[in-house]
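The structure under discussion appears below in the form of structure tokens.
The values are calculated or read from the model by the stated rules, or taken from the named source; none is laboratory data. Just so it is clear, the model here is predicted, and its values are computed rather than measured. Cβ atoms come from the backbone with ideal geometry, glycine included; neighbour counts cover every protein chain shown. In case anyone asks, the SASA skips ligands and DNA or RNA and just uses the protein heavy atoms, side chains included. Shrake-Rupley method; radii C 1.70, N 1.55, O 1.52, S 1.80 Å.
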Amino acid sequence: LQKFLILLHVTMSVVIGKTLMILFPDAMKRYILKQGEKSRMNENPKFSYENWGPTFFSFKYLLFVLKVKWKRLEDEAYEGHPAPNTLVVTFNGEVRHLFDFMQDNRPLILNFGSCT
């Protein structure tokens, strides 16, 4: 049900966004550039709006956003429910799943920290 609701929401957003891009191209360009400022995409002079702006609200955009949002569903943890099998990166840079590190009935302990 959650995946269906996400599909419906993202599809409607893409359809509305694409329609607005057709009807009001200048206004949508300003809006998309404003969004690009948040991610600092606009700061690279070799990466102009013409390179990335038209990809917004495309079919590839739809598929990418769906993939990200559906993947995030798997990463949510809820008290009293099983832990999500999220991706982790080893010290060697290898991408694995969290449950790959479980051994028999031994508890799996995660230790988080940072160095600054």
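Filter the stretch 39-83 down to residues that are under 17 Å from Ser13 (Cβ atoms) and open to solvent by 60 Å² or more (accessible area, probe 1.4 Å), then give me how many there are.
Matching residues across the stretch 39-83 total 11.
Being under 17 Å from the mean Cα position of the chain (by Cα) and without any contact (Cβ under 8 Å) to a residue 24 or more places away in the chain is the filter here, so list the residues in the stretch 14-39 that pass it.
Gln35, Gly36, Lys38, Ser39, listed by residue number.
In this structure, does Asp100 turn out to be assigned to a loop (DSSP other than H, G, I, E, B) and among the charged types (D, E, K, R)?
Here the answer is no, as Asp100 does not meet what is asked.
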